[in-house]
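Structure record follows, encoded as structure tokens.
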Amino acid sequence: VDLAAEPGRTGFARLQRTPQGRVVVEDAGCGLDDEELIEMLSGVSKAGIDVPFGWPAGFVEFLADHALQQHAAPMAADVRWRRGMVLRRTDQLVHQWCGLTPLSVAADRIAYPALRWAAVEARLRDRGMDCQRDGTGRVCEAYPAAALKVWQLPFRGYKREVELREDIVAGLIEQCAVDWNGYDSVCVSSDDALDAVISALVAVEAADGRTRVPTAVEEKDALTEGWIHVPFGTVAA
């Protein structure tokens, strides 16, 4: 799922793996309200969601103290302090691995879809669905640009340029054994649908143990802030 704040821009895709190891796109498109999203997620074995699952732990603690006027005076000019406030541990690690910095859920408009996900996550938990934010349950956090960079496919500009989406669609046939099943034109037309397919492919990789997972030191933050699952691979400098 490429989760947007509003249903109309929410991309979705359903994949099925064949015994021969190919991944068939069974459905893809845009437009998913909360009820449809919850029903879809309730019926899959693993889902990749392109949205932050949580907020930086330090940021949450700072806001709680700030509300009570109990916060310590920060070093406002300290870039490291500000970076720790707006970027989760997983965001900073993705930057180390891939040279890409995810949008800040604390300081960017990505907070709007993140708030939507927080509400959906609560409803899924009420249904008994395992939504551990480290990705060990039925859902995992995806960041399509990082996956594309690892797979050595265009990872910048494809939201604006149709030609780059065409290159990605063609490249995923070789890189991830994707059978587009007629949905290639949908994903060339819509970057939201394409991001949903990429997120679903990340879920396939995560389910097979082929993504980076938190170390023991990182696990606590991953369970509260979320954890971006990045496929294994070498990123050229």
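The values are calculated or read from the model by the stated rules, or taken from the named source; none is laboratory data. Given the structure is predicted, the values throughout are model-derived calculations rather than measurements. For neighbour counting, all protein chains shown are included, and Cβ atoms are generated from backbone atoms with ideal geometry for every residue, glycine included. Accessible surface is based on the protein model in full, side chains and every heavy atom, while ligands, DNA and RNA are left aside. Shrake-Rupley method; radii C 1.70, N 1.55, O 1.52, S 1.80 Å.
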Please report Rg over Rh for the chain, where both radii come from the alpha carbon positions and Rh follows the Kirkwood definition. 0.98
Can you pull out the trypsin sites (Lys or Arg not before Pro) in the range 156-237 whose DSSP state is coil and whose Cβ has at most 12 other Cβ atoms within 10 Å? 156, 160
What residues from the range 173-208 fall in the zone where the backbone N is under 11 Å from a label point 7 Å along the Cα-to-C-beta line of residue 9? 192
Once the piece of chain linking residue 72 and residue 160 is laid out straight, how much longer is it, given 0.36 nm per residue of separation minus the C-alpha distance between them? 27.3 nm
Gain on full stretching of the segment that runs from residue 125 to residue 213 - 0.36 nm per residue minus C-alpha separation: 29.5 nm
Taking the square root of 5 times each eigenvalue of the Cα gyration tensor, what semi-axes in Å does the equivalent ellipsoid of the range 148-237 have, largest first? 27, 13, 13
If I model a spin label as a point 7 Å beyond the Cα along the Cα-Cβ vector, how far apart are those points for residue 39 and residue 107 in nm? 4.1 nm
Quarter of the surface of the C-alpha convex hull for the range 175-220, i.e. direction-averaged projected area in nm², equals 4.4 nm²
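Could you give the length gained on full extension between residue 220 and residue 132, defined as 0.36 nm per residue of separation minus the Cα-Cα distance, in nm?
30.5 nm
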Along the dipole axis of the chain (charges at Cβ: +1 for Lys and Arg, -1 for Asp and Glu; origin at the Cα centre), the most positive-end residue among 102, 70, 60 is 70
Provide Rg and Dmax in Å for the range 118-173, with only Cα atoms included in the calculation. 15.8, 43
Please give every one of the aspartates and glutamates within straight-line cross-link reach of residue 149, meaning a C-alpha to C-alpha distance under 14 Å, and leave out same-chain neighbours fewer than 8 residues apart. 167, 195
Solvent-accessible area per residue for the chain (1.4 angstrom probe, square angstrom): 49 Å²
